[in-house]
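*Asks:* Just dropping this structure here.
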Amino acid sequence: MNWNSPIPLQAQTLNSLPSIMESHEPLLSLKQYSPEIEVYPAYYREGLSGAIDDCLLRHGVAQRLKKAAELLPAGIRLVLLDGYRPIAVQQALYDRQRNHLLEQGWTESEEMYAELHRFVARPTVDPAKPPRHFTGGAVDLTLTGPNGWLNMGTPFDDFSERAATRYYEQKSDLQPDEQLIRDHRRLLYHVMNQVGFTNYSDEWWHFDFGNQAWAILTGNERACYGGVVPQASN
């Protein structure tokens with residue numbers, strides 16, 4: 001596989017959400033399951049309410065992430081920033097981004113909410129349309145090397161046009177540092193795609209497996225991961 005081949009244009013095929021045939025795979029701690037992957041729980045580090053000091057993923061997602069890590073060139077590692085996201089954390093992120101848009105001068109409108117929902121899903125426990133991260137089938141991640149995290153062009157959760165996965169594929173007359181950013185994005189995209197993940201085209205860091213977003217892009221009639229509501233402890 002040529003890790004430096006261009007990132008392809010993503011077909012937009014959304015008509016309706018596919019149904020979910022829940023697999024009941026458990027959530028796994030990535031810290032325990034795959035120590036070769038660096039786990040950096042970004043929202044816990046930010047102090048976001050409800051976030052935990054770990055990243056949890058469905059078993060099948062964790063397996064594929066481990067395979068992706070094994071495909072990387074020597075000296076390069078995956079950094080997992082977020083995985084399963086409880087509704088309380090989703091709500092906190094939703095409220096934060098909504099307030100940020102209002103502070104930027106947006107007013108309550110369909111246009112504002114369309115912009116909001118590009119980057120943060122509406123918090124809901126509706127079993128027919130769970131947020132991607134609520135299923136345990138979505139990951140946010142980046143790459144690190146011998147000298148620290150690789151330059152990917154924007155920070156995680158930078159909701160600007162430069163965050164689009166193909167931004168540097170479409171930009172003309174790239175400077176040397178921009179070519180490096182493009183190559184880093186290509187590497188991340190291709191190793192994740194190779195093991196079955198799909199990418200959310202507005203966020204270079206976001207990949208899906210098994211959830212409804214993945215089913216749409218891969219042509220599967222059903223998703224295998226629905227929302228995960230933690231069971232109350234006795």
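No value in this document is a laboratory result; all are computed from the given coordinates. Because the structure is a prediction, the values reported are computed rather than measured. Using ideal geometry, Cβ is built from the backbone for each residue, glycine included, and neighbour counts are taken over all protein chains shown.
*Asks:* Name the residue, out of Arg85, Arg222, Arg58, whose mean-square fluctuation peaks in a Gaussian network model built on the chain with Cα pairs under 10 Å.
*Replies:* Sorting by GNM fluctuation, first place goes to Arg222.
*Asks:* Still on this structure, I have one more. Over the Cα atoms of the stretch 130-191, compute the convex hull volume and normalise it per residue, giving Å³.
*Replies:* Values: hull volume 7.0 nm³, N = 62.
Looking at the stretch 130-191, the number lands at 113 Å³ per residue.
*Asks:* While we're on this one: Which aspartates and glutamates does Lys31 reach when only Cα atoms under 13 Å apart count, and residues fewer than 8 places away in its own chain are ignored?
*Replies:* Asp53, Asp54, Asp82
*Asks:* Suppose a student asked you for the relative contact order of the stretch 76-128, using Cα pairs under 8 Å spaced at least 6 residues apart; what percent would you report? Can you show the working numbers first?
*Replies:* Working: 22 pairs, mean separation 25.3, N = 53.
That works out to 48 percent.
*Asks:* What size of dipole, in debye to the nearest 20, comes out for the stretch 1-108 about its Cα centre when the only charges are +1 on Lys and Arg C-beta atoms and -1 on Asp and Glu C-beta atoms?
*Replies:* On the way: 10 positive and 12 negative charges, 54 e Å.
Dipole of the stretch 1-108, to the nearest 20 debye: 260 debye.
*Asks:* Something else: Just to confirm my numbers, what's the Cα centroid distance between the stretch 39-53 and the stretch 184-220 in Å?
*Replies:* 23 Å
*Asks:* For a quick protection proxy, order the peptides 101-108, 164-171 by their average other-Cβ count within 10 Å, most packed first.
*Replies:* On the way: 101-108: 10.8, 164-171: 17.6.
So the peptides 101-108, 164-171, ranked by packing, come out 164-171, 101-108.
*Asks:* Now for a different question. Would you mind computing, in nm to one decimal, how far apart the modelled labels at Gln194 and Lys31 are, each placed 7 Å from Cα along Cα→Cβ?
*Replies:* 2.9 nm
*Asks:* If each residue of separation counts as 0.36 nm, what is the full-extension length gain between Asn151 and Thr124 once their alpha-carbon separation is subtracted?
*Replies:* On the way: separation 27, 0.36 × 27 = 9.72 nm, distance 3.38 nm.
Taking 0.36 nm per residue and subtracting the Cα distance, the gain is 6.3 nm.
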